[in-house]
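The structure appears right after this line, and notes come after that.
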Amino acid sequence: MAAISLRKVEKTYAPGTRAAVKVIHGVDAEIGDGEFIVIVGPSGCGKSTLLRMVAGLEEITAGEIAIGGRVVNRLEPSERDIAMVFQNYALYPHMSVFDNMAYGLKIAKVPAEQIRARVAKAAQILELSALLERKPRQLSGGQRQRVAMGRAIVRQPAVFLFDEPLSNLDAKLRAQTRLEIQKLHGELGITSLFVTHDQVEAMTLAQRMIVMNAGRMEQFGTPDEVYRQPATTFVAGFIGSPPMNLLRGRAEGASFVAGTQALPLPAPAPRAGELILGLRPEHAQWGAGAWELRVEVVESLGAERLVYCRLGGDLFIVRIDGTLPAPRPGERVPLGADAQRLHWFDPATGHRVG
């Protein structure tokens, strides 16, 4: 196992030319030995590029990457003591499960007895022991992904790198495989970087998470920290489903003016003037309070309902218990908010205030 250090890491395509495009902007992160870190963000944010730089599949334009205290900027992928699991499994279709898992060890000229022992142990961990003679075409998608993970395990690397490994699985298999990955990390304790665009995967798998946006690290913290104290409006709007409600307006004493509506505040804002007020849909106090909402659409999800409303001219979503009566479109409903649940952001920078 090994710690990973990212020190002002940058990536620019075609540097020094008129066509230069900077895609990673000075990422700094210290990842502890044995940590499971998720890199999450929307498509095109640079998360896979950052992972490929750690793997050695992309050159670093500036900064340093260290694995286990050793700077690896100029080392080939094979010299970095890493194992990577890809989205598309990358299994050899003509080989059995055993041979797919053992192939890298055979190329490395590991003794046959050690190969059998390592494959048997990995197969036992991943519940593949009964499938070792099958070909990939005889496996389900979830089983194929477990074979790909087994191939990485047998190498006994210092670091695991996962590049959206669950994207090709259906919802049920994704949930099942997430549990298997959590169990795997609990047993092996190997430092892991996991890239995904799915915030559910990020929140359930990560010990800490890096939230990326346009090549920049917006926040690095535990899932609880990121959810409860988002550092920017981007994080607030990306983490959480539905996302946090964000209202632009002006704080004036004990009220917040959003559009044409003045909203009484349970406590004064951290400062006067232009601000963005944030409130998560699940934290709104439905049917009680001094704010007034106009209902537009109601979505019933069984155990809960999502109520889409207008507040001060802006769309505002409230999550309510599914046992409550469904409001009617056009109905006006009072709403309240606890001061501890309100979030404040600077409209110019998008950064958290207070």
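Let's see how each residue does on (1) open to solvent by less than 10 Å² (accessible area, probe 1.4 Å); (2) among the polar types (S, T, N, Q); (3) part of a loop (DSSP other than H, G, I, E, B):
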| position | (1), (2), (3) |
| --- | --- |
| ALA152 | yes, no, no |
| ARG155 | no, no, yes |
| LEU161 | yes, no, no |
| LEU166 | yes, no, yes |
| LYS172 | no, no, no |
| LEU179 | no, no, no |
| GLY186 | no, no, no |
| PHE194 | yes, no, no |
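For ARG52, indicate whether it is open to solvent by 40 Å² or more (accessible area, probe 1.4 Å), at pLDDT below 95 and either basic (Lys, Arg) or assigned to a strand (DSSP E or B) (or both). Criteria not met by ARG52. For the criterion of being touching a residue at least 12 places away in the same chain (Cβ under 8 Å) and open to solvent by 30 Å² or more (accessible area, probe 1.4 Å), LYS22 passes. Return yes or no: is ASP28 in contact (Cβ under 8 Å) with a residue 12 or more places away in the chain, under 19 Å from ARG208 (Cβ atoms), surrounded by fewer than 17 Cβ atoms within 10 Å (Cβ to Cβ) and within 18 Å of the chain's Cα centre (by Cα)? Taking the combined requirement at face value, the residue satisfies it.
Only residues that are among the polar types (S, T, N, Q) and either touching a residue at least 60 places away in the same chain (Cβ under 8 Å) or under 21 Å from PHE36 (Cα atoms) (or both): list them for segment 131-189, please. Matches in segment 131-189: GLN145, GLN156, SER167, ASN168, GLN176, THR177, GLN182. Right, VAL85: surrounded by 13 or more Cβ atoms within 10 Å (Cβ to Cβ), over 19 Å from ARG216 (Cα atoms) and without any contact (Cβ under 8 Å) to a residue 40 or more places away in the chain or not? No, not satisfied.
Taken over segment 204-229, residues that are in contact with a Phe, Trp or Tyr (Cβ under 8 Å, 6 or more places away or on another chain), under 18 Å from PHE36 (Cα atoms), open to solvent by 10 Å² or more (accessible area, probe 1.4 Å) and part of a strand (DSSP E or B) amount to 1. Candidates are the residues of segment 265-285 that are open to solvent by 60 Å² or more (accessible area, probe 1.4 Å) and assigned to a strand (DSSP E or B); the one that is modelled with the highest pLDDT is GLU274. Being of a type in the set (A, V, I, L, M, F, W, C), open to solvent by 50 Å² or more (accessible area, probe 1.4 Å), closer than 16 Å to ALA251 by Cβ and at pLDDT 90 or above is the requirement here; does ALA348 meet it? Spelling it out, ALA348 is indeed of a type in the set (A, V, I, L, M, F, W, C), open to solvent by 50 Å² or more (accessible area, probe 1.4 Å), closer than 16 Å to ALA251 by Cβ and at pLDDT 90 or above. Screening ILE65 with (1) surrounded by fewer than 21 Cβ atoms within 10 Å (Cβ to Cβ); (2) not in a helix (DSSP H, G or I) gives one miss only, at (1). Considering the conditions (1) farther than 26 Å from ALA206 by Cβ; (2) among the small types (Gly, Ala, Ser); (3) assigned to a loop (DSSP other than H, G, I, E, B), GLY34 is excluded by exactly one of them, (1). Among the β-branched types (Val, Ile, Thr) and not in a helix (DSSP H, G or I), is that true of VAL110? When the stated conditions are applied, VAL110 passes them.
Tell me, which residue of segment 307-324 that is among the hydrophobic types (A, V, I, L, M, F, W, C) and crowded, with 16+ Cβ neighbours inside 10 Å is farthest from THR260 (Cα to Cα)? Restricting to residues being among the hydrophobic types (A, V, I, L, M, F, W, C) and crowded, with 16+ Cβ neighbours inside 10 Å, the top hit is ILE320. Consider segment 119-142 and keep the residues that are within 31 Å of the chain's Cα centre (by Cα) and charged (D, E, K, R). The one that is most open to solvent (accessible area, probe 1.4 Å) is ARG137.
The values are calculated or read from the model by the stated rules, or taken from the named source; none is laboratory data. Since this is a predicted model, take the numbers as computed values, not measurements. Reconstructed Cβ throughout: ideal geometry from the backbone, glycine too, with neighbour counts over all protein chains shown. What goes into the accessible areas is simple: the full protein's heavy atoms, side chains included, and nothing from ligands, DNA or RNA. Shrake-Rupley method; radii C 1.70, N 1.55, O 1.52, S 1.80 Å.
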